[in-house]
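The values are calculated or read from the model by the stated rules, or taken from the named source; none is laboratory data. Just so it is clear, the structure is predicted and the values come from calculations on it, not from any experiment. Note: ideal-geometry Cβ built from the backbone for every residue, glycine included; neighbour counts use all protein chains shown. Keep in mind that these areas ignore ligands, DNA and RNA; they rest on the heavy atoms of the full protein, side chains included. Shrake-Rupley method; radii C 1.70, N 1.55, O 1.52, S 1.80 Å.
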Amino acid sequence: MRDCVFCKIARGEIPASKLLENNEVLSFLDINPVNPGHILVMPKKHYETVMDIPEKELGRVMEMVPALSRAVVKVTRAEGLNLFQTNRACAGQTIPHVHFHIIPRHSTDGFSFGWRQGNYPEGEMERLRKDIIKTLGDYRLR
Ligand code: 5GP
Ligand code: ZN
């Protein structure tokens, strides 16, 4: 996509601190890291969200995650990491080109997702489960 920042990085039109790269996937350092070593990994082809990308292509993106994670944890001496992902503005997506964040974590880093977790009213969990299964229809992994 012409005006997409991450497509421009994929095409080499704007610079990025690149890490691993193949024909389909590119990983690079986030310019504004939550912690040093914060990595982004994405398909080179433009898809907006995980709802849009074909599963095989998402699989290719995910293949890069373990090696990148091991390397960044080692280099930054992180105690752990978060694999994080945003879809659409309401979920915090600022660049509408699907990508995953690999964020090295330290127990002292003060970063928190601040999740609020709730409960289901009686019967609601099962209602949702049935609706999702019905919507999946005869979907099978290809
Ligand atoms: P989102 O909020 O969409 O999940 O994450 C987008 C991420 O892209 C942000 O963490 C932001 O710092 C990073 N980012 C935005 N523009 C650039 C850029 O031009 N270069 C790099 N390396 N990272 C960027
Ligand atoms: Zn794009």
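Structure data summary
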read-out: Residue satisfying all of: in the stretch 61-89; within 12 Å of ligand 1 (Cβ to nearest atom) and out of contact with any strand residue (DSSP E or B) (no Cβ under 7 Å at 6 or more places or on another chain); farthest from LYS44 (Cα to Cα) among these; value: ALA89
read-out: Residues being open to solvent by 80 Å² or more (accessible area, probe 1.4 Å) and in contact with a strand residue (DSSP E or B) (Cβ under 8 Å, 6 or more places away or on another chain) - total across the stretch 90-129; value: 0
read-out: Any hit, the stretch 130-141, residues being exposed (fewer than 10 other Cβ atoms within 10 Å of the Cβ), among the small types (Gly, Ala, Ser), at pLDDT below 95 and within 28 Å of VAL65 (Cβ to Cβ); value: no
read-out: The listed residue being within 14 Å of ligand 2 (Cβ to nearest atom) and under 15 Å from the mean Cα position of the chain (by Cα), out of GLN93, GLN85; value: GLN93
